[in-house]
1. State all residues of region 19-40 that are among the hydroxyl-bearing types (Ser, Thr, Tyr), touching a residue at least 24 places away in the same chain (Cβ under 8 Å) and within 16 Å of Ala9 (Cβ to Cβ); if no residue qualifies, say none.
2. Please find, within region 47-84, the residue that is farthest from Thr26 (Cα to Cα) out of those that are assigned to a loop (DSSP other than H, G, I, E, B) and touching a residue at least 24 places away in the same chain (Cβ under 8 Å).
3. Are any residues in region 33-61 small (Gly, Ala, Ser), surrounded by fewer than 12 Cβ atoms within 10 Å (Cβ to Cβ) and closer than 13 Å to Asp22 by Cα, and if so, which ones?
4. Take the residues of region 33-79 that are among the hydrophobic types (A, V, I, L, M, F, W, C) and more than 11 Å from the chain's Cα centre (by Cα): which is farthest from Phe6 (Cα to Cα)?
5. Kindly indicate the residue of region 1-32 that is of a type in the set (Val, Ile, Thr) and surrounded by 11 or more Cβ atoms within 10 Å (Cβ to Cβ) and also farthest from Tyr64 (Cα to Cα) among those meeting that condition.
6. Quick check on region 62-77: of everything there that is hydrophobic (A, V, I, L, M, F, W, C) and either surrounded by fewer than 11 Cβ atoms within 10 Å (Cβ to Cβ) or in contact with a Phe, Trp or Tyr (Cβ under 8 Å, 6 or more places away or on another chain) (or both), which residue is nearest to Thr19 (Cα to Cα)?
7. Restricting attention to region 15-46, which residues are assigned to a helix (DSSP H, G or I) and either of a type outside the set (A, V, I, L, M, F, W, C) or touching a Pro at 6+ places or on another chain (Cβ under 6 Å) (or both)?
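Nothing in this text is a laboratory measurement; each read-out follows from the coordinates by a stated rule. Not measured: the values here are computed from a predicted model. As a convention, Cβ positions derive from the backbone with ideal geometry for all residues, glycine included, and neighbour counts pool all protein chains shown.
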Amino acid sequence: MEGAKFHCADQFVNLAKTTLTDLWRTHNGELAQEYSWYSNAGNGFRIDHALAGVKATSRCVACYYDHSTRNTLTDHSALVVELRP
């Protein structure tokens with residue numbers, strides 16, 4: 001099932017909503033769907049994340065997946081985080 005939950009996913013969501021900021025979600029919106037890894041069955045998951053505190057979040061200008069790395073360097077898309085100085 002595409003987008004299925006992993007064990008402890010609810011705890012991760014709580015951490016991302018109460019303590020740290022999920023940079024990809026912040027820059028791509030709550031409704032955006034993009035997957036960083038696919039299982040052998042072809043199910044997509046966003047399992048690669050960048051969580052940041054207040055200072056790093058304020059410096060983040062972009063956060064996106066580079067899918068060109070999938071099936072070449074790794075079986076995951078690279079998560080790119082761009083921070084201003």
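1. Those that are among the hydroxyl-bearing types (Ser, Thr, Tyr), touching a residue at least 24 places away in the same chain (Cβ under 8 Å) and within 16 Å of Ala9 (Cβ to Cβ): Tyr35, Ser36.
2. Within region 47-84, the subset assigned to a loop (DSSP other than H, G, I, E, B) is 47-50, 53, 71-73, 75, 77, 84.
This time we only want the ones that are touching a residue at least 24 places away in the same chain (Cβ under 8 Å), so: 47-50, 53, 75, 77, 84.
Working: Ile47: 16, Asp48: 15, His49: 12, Ala50: 11, Gly53: 13, Asp75: 24, Ser77: 18, Arg84: 16 Å.
Among those that are assigned to a loop (DSSP other than H, G, I, E, B) and touching a residue at least 24 places away in the same chain (Cβ under 8 Å), it is Asp75.
3. Correct list: Gly53, Ser58.
4. Val61
5. Ranking the candidates gives Val13 first.
6. As a first pass, look at region 62-77 and keep what is hydrophobic (A, V, I, L, M, F, W, C): 62-63, 73.
So of that shortlist, the ones also either surrounded by fewer than 11 Cβ atoms within 10 Å (Cβ to Cβ) or in contact with a Phe, Trp or Tyr (Cβ under 8 Å, 6 or more places away or on another chain) (or both) come out as 63, 73.
Numbers: Cys63: 19, Leu73: 32 Å.
Within region 62-77, the match that is nearest to Thr19 (Cα to Cα) is Cys63.
7. Residues satisfying the conditions are Lys17, Thr18, Arg25, Thr26, His27, Asn28.
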